[in-house]
Each structure stands twice: as C-alpha cells, then as structure tokens.
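Okay, so here's the structure we're looking at.
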Amino acid sequence: MAEITEVPSPFCGIGTDDLCIQVDGASLKVVKNGCAVNTPAFEQAITDTRPRVDGKDVSLAVAVAKAAVLLKNTNQPVIGGCATDVNGMRALLALADRSGAVVDNMNFTGARNNFLALQDSGWMNTTLAEVKNRCDLLLVVGIDLESFSPRFFERYLWNEESMFLDDTGKRQVIYLGKAPSGNSSTSPNGQKAQVFECATEDLPDVVAVLRALVKGNPIRVDSVGGITVADLQEIADKLKAASYSVVTWAAGALAYSQAELTVQTLSEMVKDINNRNARSSGLPLGGKEGDQTANQVCGWTTGYPARTRFSSGYPEYDPYLNDANFLLANGEADVLVWVQAFNAKAIPPVTNLPTIVLGRSGMTFAKEPDVFIPVGTPGIDHAGHAYRMDNVVAIRLKKLRESGLPSTSDVLHAIEQAL
Amino acid sequence: MLIKLTGGAVYDPASGIDGAKQDIYIQDGRIVNKPVGDFKVDKEYDLKGKVVMSGAIDMHTHIGGGKGNIARTLLPEDHRADPVVRTDITRSGCGHAMPSTFVTGYRYAEMGYTAGFEPAVLPINARQAHMEMADIPILDKGGYVLMGSDDYLLRMLTAKKDQKAINDYVAFTMQAAKAIGVKVVNPGGISAFKFNQRKLELDEQNSHYGVTPREILKALATAVKELGITHPLHVHGCNLGVPGNMNTTLDTIQGIGGLPMHLTHIQFHSYGTEGDFKFSSGAAQIAEAVNLNKNITIDVGQILFGQTVTASGDNMRQFANHKHASPNKWVTMDIECDAGCGVVPFKYKDQNFVNALQWAIGLETFLLVDDPWRIFLTTDHPNGAPFTSYPHLIRLLMDRSFRNDVLATIHPEAQKMTTLASIEREYSLQEIAIMTRAGAARLIGLQDRGGLAAGNWADITVYTDNVDRQLMFEKPDYVFKDGELVVVDGKVVHSKWGTTHVVKPDFDASVEKDLQKYFDRFLTMKLGNFKISDDEITEDGRGSLTVHPLKGSVA
C-alpha cells in the first residue's frame, strides 16, 4: 500500500492539489482533504476493464477496429462528451479533423452563456490566488457555491493568512439569487453571508438594476424580483467601496433563455466599477470534468471553443447549430462518439445511431452502445493536464495506480490510425 | 542521406559570408563539410540564381500562452474570414490575426521561418504556453519567463534581499517554467494595477511594496547577467503607448548602468508630445541612444495597417487602451499574484493620425539604428500586425521608393511629422539575414542555429532573388528543417516537430525551502505541482528539450 500526497483533482474545478490518497492495488482511498465531490470521484472502483462490441467482451484491438468501421464512410459523425485531459482532447480533435466530425463539449450549452458574452463585449476577470489574497468582497450570483465547490471557502476565502488582508475573516460575502445550502460561507469570526434571494429567472432584472445603481442611474421601482432597490443600492455601494471586489457566477446555473445577457450585464458592471476608479473582477465558475480543458485545446487547435464542426474540411464554430443533442434530434448525424473519461454517470444521449463510447469504467447504459471502451481516468490511471476554472492554471495530473486501462488519447489515436 | 545544395548565393552573417556562391552539404540533420574522398550525393538541389539563408528566427512573437488563446476565443469573426482547410499532410485551422497553433507553424515555415520565441511566459501559465507551442509544427520554440510583478520578487525587493537570493529565485523560476530568457513587462506595474494604480513611472513606487520599476529592472538585469543567461533581460518598459514615453525609455536606457538589456517593441515606447496633436516621433532620439549604448538591443514592434488584436501581459496599459478597442470588446485578467494580461482588438488605420505616425516611427527606428546585430525585425505578433506581414515589412525596409509610395498615402499630418521621406537607407540582404537569423540566434544564445557553417543544424531557407522583396520573402523555393525538406514553393510538403530551447541555470536548492512555505501560505497550488517536469515536454514522443550553455560555462 502506498500513500500519494499533493494529488491534484480534475473533478472539482477549483484545482485542489493537496489530497492525500492511499493506493492499494487498484483501490483508492482519499485519506486527507477529500470533499463531497472529490472523494467519491477518486474512490469509485474499476468495474469494467475489457472493451465490448455489441455487448460482448473483446480485445482493445477488435474494439478499435470496429469503431473505425462504424466511423468510415459516415456523412456526419458527432463527438460528444469531450470530457478528458489535454492529450485526450488533442487526439479527439485530430480524429474529428480527419473524419469531418462535429465536436461538442457536453457542458457547452451552459458555458455558451459565458462565450457569447465574452465574444460580444469581453470581461475583466481574475484567478483563484488573487481571490485568496486580495478579495475583500465576494458577490455570488445565482449559485449555491459550496455545493458547486465544497472547499471553495476553506481554500480561497477563509485561508488563515493572506498577502494583502490583515484579517481574512473580515471579508464580506453577499449572495444574490440563490441562498447558500450550508455554512461554508460564514467566516471563522462567525460573520454570516448576506443573502438576497430571488427566483433564478428574475436574475436578469435584478442584475440589470444592480448595474444601473453602480452607474448611478435612477431606478423608478422600489423592488425587483422581491429584492428592494435599497438593498441593491447597498450592494452597489459596497462594490464601489471595496478594494478588490470579486463577482462570481456559474454559467450553467443561469438556466433560462438568453442568460448570456446576465453574464454580459455582470461583466459590464465589473468594467463600470473599474471605470469608476475602483478595482473589481469577475470569476466565472466551471472547470469540471474537462470543460475548460476542452475549450482551451479546441481554442488553440481551431481558434474556436469546443462546439465546432470539421465537416467542410476546416473548423466552423456555431454555438447553437453544432449542439450534439440538436444534431441527433434533427437526424443530422449518422454516428455518435461519446468521450467521458471522468464521470461514469455522464452517459451518452440515447440514440438509434451507431454509438461508440469511450467512458470511465463503470458506465451503465440504458441501451448498450455498439462499441464501449473503458478508458483510464486522467489523474488516476494516467498522468495528464487539466484546466482549472479560472482557465489560466493547468494542473499536472498524476498517475496513481497501474490499472492497465488505456488513455483516451491512446484509443482515439488508434481509431484515427485505423480509419 | 547526403544532400547537396549547389551553387546558391549564400548569406550567412554568422560566418561573414555575404552572397558568395557556395555549396552546402547536409547529413543527419546537420550541415557538414564537403566530404573528403569519394562520396555519393543522395539528393542534389540546383540553387543557381537562388539566395540561401539559414532558417529565420522570430525572437519575439506571441505564439503560446493564455492571452493568445483568449485572443483567439474573442475573435471568431476574424477566423471565419480565413479558414484553413485540412490536407493529407496538414491539419485544418484558422489564420489571420491570431492563427491556430498548427496554422502558425505552417505559415511561419512557408515564409522561411524555423523558430519562434514566446516572450511572455507567465510562470503560473507556463504549462499552457508549452502545451500550445507543442502543437505548433515544424518550428523550434522557446519562451522568456515573465517576472517583475510577481509578489515573491517584489517582497524580496521590499525586504532588501541580496542579489544572490534574487539570482537563485530567477534561476529556479526559469527552470520551473522551462525558459531560455527572462522578460519583464511594465515592471511592477501589473501588480500596481491590482492595487488600483493606473499608471507607474520609472521612479514611482508600487503603493504596496514601495518598489520602483527602476529597482526591479536593475535587480533582474543583474540576475540575468550574473547567472550567465545569454539573452539579456527582455524589457517591455513602463508607459507603453503613452505620448511622451520616449523620455521614460531614454531614462530606462541610462538607468540600467551598462547592463545588457533588450528593449522590446520599442516603437510603442518612442513617442513625443510635439505638434498640434501632442503626439510625435521620438525615433531619432531613441535610435541615437541605442547607437551610443552598446549594451542595448531592441526589436521594433512595427505596426502595419489593418485589423489585428493586441495581447499583452500589461493589464494596466491594456485597460487604459480599451477605449481604442476595435471591435469594441476586450479582456483583462489579474493572474495569481504573479502577472496579468490584457487583450484588446485593434484596427490600425492609415488615415488615423496616430496610427499613421506609429507606422512611420517604427520604420524610422529600423532605418536610424546603425547596427543590424542589435535590432530585430518584429511586429510583436499579433500586436503591431500578424507575423504574416513580415515580407511586406522587409520590402518597406529594402525598397526606398516603395516605402515612399506608401508614405505618400498615409494621413497627411503624419507625413509632415516624420523624417521618413528623407531617409535614404535601404536594408541589404545581408542585413536582413543578420536581423532575422544570425543576430537573433546570437541574442537568444542558440547554439548551432542561425548559421550555415558546418556543425549547425540544417535549418535552411532558399529564395528566388527578386527585386520585389515582398514576393521574394513570401514564397521560399525550399525550406529545410533539421535537414528535412518541409516547404517547396511556399507550401508545406512535410510536417515535423521542432525542439524546445531552454537554459538551466544553477540555483541554491535552499531557495525551494522558502518557496515551499510561501506557496503553502499564499498560493493555490503546491510547489511540487508548480514546477514543470522534463517529461511534460517530451512524454508525447513529439517534443524535445535542447539545453543551451550559459555564458562562461564550458560548452
């Protein structure tokens, strides 16, 4: 039995890299610094080790050959999931380029709220170490942050020491929209977060009024979405008075139509504060199961985020039309490749099309895919790289055990070679 | 396999050869002497009437790292206008202002370039820089690690740590980030912006640390020299883009006290405040100072007209520049108590007075600096223009009548504010070869690159001599990379992977003890996870590391 320390996690998005994990053969136990997200993700046992074709165990070579047969001579392959490490994405994009596929990250519809805002007007953002050392006011919009990232507050707000704050316990936390589910946001001094609840679909109005107040524009109503304008005025005043306020949101949690406008309003509000001689930054949450990784690698390989097609022989980005679910529903695809190396529960959409799955061991299907190849999980079964939520830091994932499972990259590369 | 390049006119400044007709032999990836005795040439290229140079080296080009990928993501409309189709030997991608990685490699190679160096590798983002560069085919690459606004250095300076301690930290950081040089951007200013300082003069203190840019430059330039790093401290100075910043630049040159220093994209730092628009050229004064101070090297950062995107570590100045964003969308980031970045799309217009004069200032600088070994051809890709505009820029430098024709079309007030029309100089082929090959290799400290003598790696570009220098440099007849033919008639015919150039300066291991404590207390990752290991570069079987010697060491 071995104990591996300083283990980075690709699961939580916030780049925790202080886990201590006991390795006993193929079984893992998080013995230090686990959390509700990371511990089960690391500890999940390996169940499948052999690929299957039509439900029957086969060798990897046979499964790869069958996958190549299914991909050959197709008109519009779709590669969904796209949940893997940097090398996995490299191989995925090479295969897509070769086969003229559509590439679509499974979390893109949520992330689209960010991309549309970014590509229309941009933003001023920050990263986790700046939050940890500088942030004196955190505004959390529309998300229960501690269930999203259980250790966010412990690691980045209630850290004992910070470079520029005398007492991290004096930081202010304000929730707008969703209320916190627990007490992680309560400071070690016992100061509770201020909470201003509203329905998620009222956030566009609430955020628009908040931005107007930051700019000093008059508001002619007394309340919006059940929150009084006086309360919003107080938030606006605090944002302008803070030394370094941080506004955070999770694009996927803004689950209503045209939520990109909410992201844009928040991002423009941050710019407004900076244009009024105070510092403020945005902090979009994300980074789970390779979503930032998919967009980063697709970004440098094609110029576009990971909802891009290669069917014309060159990359074409469309944040709506290249949605894998949309293509499947409209009968525009003729084969589905699903890549999910992190989460056995994230199974492919049900379709009658030929389906090839590269999945984490333990995936169970309502409908057995034509080809299933269990692949290693980056950061457990093989080394690799994954991006943290702040999109700047790529963490070096470690190999923790010898499982014999191939990497996503190895399998996709083999399929490409067999085409 | 023995390859012979027969009868070309060779321009190899590293060996002092200026257009002499010479044969070149290639074996096992390197240039070799003519074999003695009987030998068989496996492949011969008849280069009569051709011009032969070593592969070009771009010593300052933003080809890897987070800000570049932000720039890509920001501009889908720019990519849509320049799609690049997959072929049997090349990958698909996009081009124009900030091309995809594969297209970056192909298009550089198709212009005869065989190496490019990313000048702003943030330590905390170095993995990304190397991962992106690992997906750039054909080219060799490397990076300068960005320091000077990192909290650890600033607190060392506040605490008046001795130079030896700073040297150890610099050497550690270079090794951790796999760098070949050290860059500083708006020294201390990136940090100052996070404390809400909106400008920082050379002698102005960072409000938290009490440290001035001048002190930071001195400490880092000294460290680079004492560690024996060949590439001088690579400096993006204070006050980028600010009218009157030529005085800051002159002060920076004087203030470094003779230490080796490279001032990058100096065009953006050469502005006066004269004239009706309070914006004038400082190129003559800057060039004079460069000519006088032999410790100084520069690259120009020429702007060329058209759409591009600026991507810089200088969050302070990029925030100020956002009002010029075209299209009006922009990004800044504060990064990990380490650095920052700002990405602002720009459309340089010949009928805009400031842009037109910026164009002239860059060209004046090229033409007024005497020593081609101390000035380098850059557009600060993509900030002044995409790298694909180099052939056009070379024509502007080599062809006075062409230059004056273009000059006659720019904003009339800008024409009045430049001496360009009166400058007669035209660059020679040998001078171009110095700026883009021999000089660049010498400046970066690349062993066995940038020259055509036996022993060098066979990175070779063959052009057809043409009075239209743009046509000539746009489309080489042949490009060899490590002896392999990669380009014919300006098109990639074969793709391969280049190496990553680094140096590995020594440091006292005890530096890691303090750093480990510091990382645990303040940062968001463990020191052990911060350091990039060699196998991260090499494990995919494509990448490799080439370690270059330090000055004073036995090679």
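Below, the figures for the structure above:
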quantity	calculated
Wholly within segment B:316-410, helices (runs of 4 or more DSSP H) carrying at least 2 residues that are closer than 30 Å to residue B:434 by Cβ and β-branched (Val, Ile, Thr)	B:353-368
Residue match in segment B:493-511 (condition: closer than 25 Å to residue B:373 by Cβ, among the basic types (Lys, Arg) and modelled with pLDDT of 95 or more)	no
Identity of the residue in segment A:260-287, out of contact with any strand residue (DSSP E or B) (no Cβ under 9 Å at 6 or more places or on another chain) and more than 10 Å from every other protein chain (Cβ to nearest Cβ), that ends up surrounded by the fewest Cβ atoms within 10 Å (Cβ to Cβ)	A:276
Residue satisfying condition, being in contact with a helix residue (DSSP H, G or I) (Cβ under 6 Å, 6 or more places away or on another chain), within 14 Å of chain A (Cβ to nearest Cβ) and within 26 Å of residue B:410 (Cα to Cα), within set B:331, B:344, B:369	B:344
Flag if residue A:124 is within 16 Å of the chain's Cα centre (by Cα), hydrophobic (A, V, I, L, M, F, W, C), under 25 Å from residue A:263 (Cα atoms) and buried (at least 23 other Cβ atoms within 10 Å of the Cβ)	no
Selection count, segment B:446-467, where residues are out of contact with any Phe, Trp or Tyr (no Cβ under 9 Å at 6 or more places or on another chain) and part of a strand (DSSP E or B)	2
Pair list, Cβ under 9 Å, 6 or more apart: segment A:137-163 residue in a loop (DSSP other than H, G, I, E, B), other residue of a type in the set (Asp, Glu)	A:163/B:151
Evaluation of residue A:71 against (1) more than 25 Å from residue A:150 (Cβ to Cβ); (2) within 14 Å of chain B (Cβ to nearest Cβ); (3) over 23 Å from the mean Cα position of the chain (by Cα); (4) hydrophobic (A, V, I, L, M, F, W, C) (one fails), failing number	(2)
Criterion: within 14 Å of chain A (Cβ to nearest Cβ), in contact with a helix residue (DSSP H, G or I) (Cβ under 8 Å, 6 or more places away or on another chain) and not in a loop (DSSP other than H, G, I, E, B) - qualifying residue of B:470, B:516	B:516
Residue match in segment B:148-167 (condition: at pLDDT 95 or above and over 19 Å from residue B:211 (Cβ atoms))	no
Residue A:412 being modelled with pLDDT of 95 or more and either within 14 Å of chain B (Cβ to nearest Cβ) or part of a helix (DSSP H, G or I) (or both)	yes
Failed item, numbered, when residue A:29 is tested on (1) in contact with a helix residue (DSSP H, G or I) (Cβ under 8 Å, 6 or more places away or on another chain); (2) under 23 Å from residue A:416 (Cβ atoms); (3) of a type in the set (D, E, K, R)	(2)
Some residue of segment A:342-359 being assigned to a loop (DSSP other than H, G, I, E, B), closer than 30 Å to residue B:121 by Cα and of a type outside the set (Asp, Glu)	yes
Yes/no for residue B:323 being without any contact (Cβ under 8 Å) to a residue 40 or more places away in the chain and within 13 Å of chain A (Cβ to nearest Cβ)	yes
Residue check for residue A:374: farther than 29 Å from residue B:128 by Cβ, in a loop (DSSP other than H, G, I, E, B) and in contact with a strand residue (DSSP E or B) (Cβ under 7 Å, 6 or more places away or on another chain)	no
In segment A:146-205, the residues that are more than 30 Å from residue A:224 (Cβ to Cβ), more than 14 Å from chain B (Cβ to nearest Cβ) and surrounded by fewer than 17 Cβ atoms within 10 Å (Cβ to Cβ)	A:167, A:169, A:188, A:189, A:190
Output for segment B:234-254, where each listed residue is buried (at least 24 other Cβ atoms within 10 Å of the Cβ) and of a type in the set (Gly, Ala, Ser)	B:237
Inter-residue pairs, beta-carbon under 6 Å, first over 12 Å from residue A:300 (Cβ atoms) and in segment B:116-135, second part of a strand (DSSP E or B) and among the acidic types (Asp, Glu), 6+ apart	B:116/B:58
Condition check for residue B:127: in a helix (DSSP H, G or I) and within 9 Å of another protein chain (Cβ to nearest Cβ)	yes
Strands (runs of 3 or more DSSP E) contained entirely in segment A:1-46, each with at least 2 residues that are without any contact (Cβ under 8 Å) to a residue 40 or more places away in the chain and either among the polar types (S, T, N, Q) or within 11 Å of chain B (Cβ to nearest Cβ) (or both)	A:2-7, A:19-24
Odd one out for residue B:485 among (1) within 22 Å of the chain's Cα centre (by Cα); (2) surrounded by fewer than 20 Cβ atoms within 10 Å (Cβ to Cβ)	(1)
Residue among A:403, A:409 that is small (Gly, Ala, Ser), closer than 21 Å to residue A:101 by Cβ and in contact with a Gly (Cβ under 8 Å, 6 or more places away or on another chain)	A:409
Qualifying strands (runs of 3 or more DSSP E) (wholly inside segment B:6-106; at least 3 residues being in contact (Cβ under 8 Å) with a residue 12 or more places away in the chain and buried (at least 17 other Cβ atoms within 10 Å of the Cβ))	B:17-27, B:50-54, B:56-58
Check on residue A:336, part of a strand (DSSP E or B) and either within 14 Å of chain B (Cβ to nearest Cβ) or surrounded by 23 or more Cβ atoms within 10 Å (Cβ to Cβ) (or both)	yes
Every residue from segment B:261-303 that is buried (at least 24 other Cβ atoms within 10 Å of the Cβ), assigned to a loop (DSSP other than H, G, I, E, B) and of a type in the set (A, V, I, L, M, F, W, C)	B:300, B:303
Every residue from segment B:411-445 that is among the aliphatic types (A, V, I, L, M) and outside any helix (DSSP H, G or I)	B:417, B:423
Pair list, Cβ under 6 Å, 6 or more apart: segment A:307-320 residue more than 9 Å from chain B (Cβ to nearest Cβ), other residue among the small types (Gly, Ala, Ser)	A:311/A:100
Residue B:199 being within 14 Å of chain A (Cβ to nearest Cβ) and either surrounded by fewer than 21 Cβ atoms within 10 Å (Cβ to Cβ) or free of Cβ contacts under 8 Å to residues at least 24 places away in the same chain (or both)	yes
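The values are calculated or read from the model by the stated rules, or taken from the named source; none is laboratory data. This structure is a prediction, so every number in the text was calculated from the model and none was measured. Backbone-built Cβ (ideal geometry, glycine too); neighbour counts: all protein chains shown.
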